[in-house]
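See below for the structure under consideration.
The values are calculated or read from the model by the stated rules, or taken from the named source; none is laboratory data. Computed from a predicted model, the values in this text were never measured in an experiment. Cβ coordinates were reconstructed from backbone atoms using ideal geometry, including for glycine residues, and neighbour counts include every protein chain displayed.
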Amino acid sequence: MLSPQRRKRCGLIYSLHDLEWGRQSPYIVFMPDPLILTPTAAKRVAAIAQRQSKPAILRLSVEGGGCSGFQYKFDLSDDADADDSVSETDGVKLVVDPVSLDLVAGSTVDFVESLGGAAFRVENPQAAAGCGCGSSFGI
């Protein structure tokens, strides 16, 4: 039996043969590290979504470009696609497409305010390089 913490990181897949014979022998497939949306970021997304009369769903994607090779892109989304990875904090969803997920798995999305301004920031453990503004990274 898997602990609740391990179940969050694993998907259980049963073969059709096992299900036909009434056996439940799971194949364990490890999923990428989860994405985390901080409560501060969730609160900010909720406020923006309410002002724009949209659902509180933040889409994080990665595009080529920027100072370091890749750049983060944030948008409000109307819904999550079937193959998106979805993380939820305080009723706000963070969705990431499978291609971008390979580049941001294990990341934390936060909202920070400083003298220089306010912005969503991604703490990406896979990033080997980044720019000063925090909007682009390299692997």
Inset, instruction - Under 6 Å between Cβ atoms, at least 6 apart or on separate chains: pull out the pairs that start in the stretch 48-60 with a residue that is touching a residue at least 40 places away in the same chain (Cβ under 8 Å) and in the same structural domain as F74 (by TED's automatic domain parsing) and end on any residue that is in a helix (DSSP H, G or I) and of a type in the set (V, I, T). - result: L58/V45
Legend entry - Tally, over the stretch 35-59, of residues that are in a helix (DSSP H, G or I) and under 13 Å from D90 (Cα atoms): 9
Inset, instruction - Being assigned to a loop (DSSP other than H, G, I, E, B), more than 19 Å from F111 (Cβ to Cβ) and not hydroxyl-bearing (S, T, Y) is the filter here, so list the residues in the stretch 65-99 that pass it. - result: G65, G66, C67, G69, D78, D79, A80, D81, A82, D83, D84, D97
Legend entry - Subset tally (residues that are hydroxyl-bearing (S, T, Y), more than 13 Å from L60 (Cα to Cα) and in contact with a strand residue (DSSP E or B) (Cβ under 6 Å, 6 or more places away or on another chain)) for the stretch 74-130: 1
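Per-residue answers, yes or no, for (1) modelled with pLDDT under 90; (2) of a type in the set (D, E, K, R); (3) more than 22 Å from Q50 (Cα to Cα); (4) surrounded by 17 or more Cβ atoms within 10 Å (Cβ to Cβ):
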| site | (1), (2), (3), (4) |
| --- | --- |
| E88 | no, yes, no, no |
| K93 | no, yes, no, yes |
| V99 | no, no, yes, no |
| G116 | yes, no, yes, no |
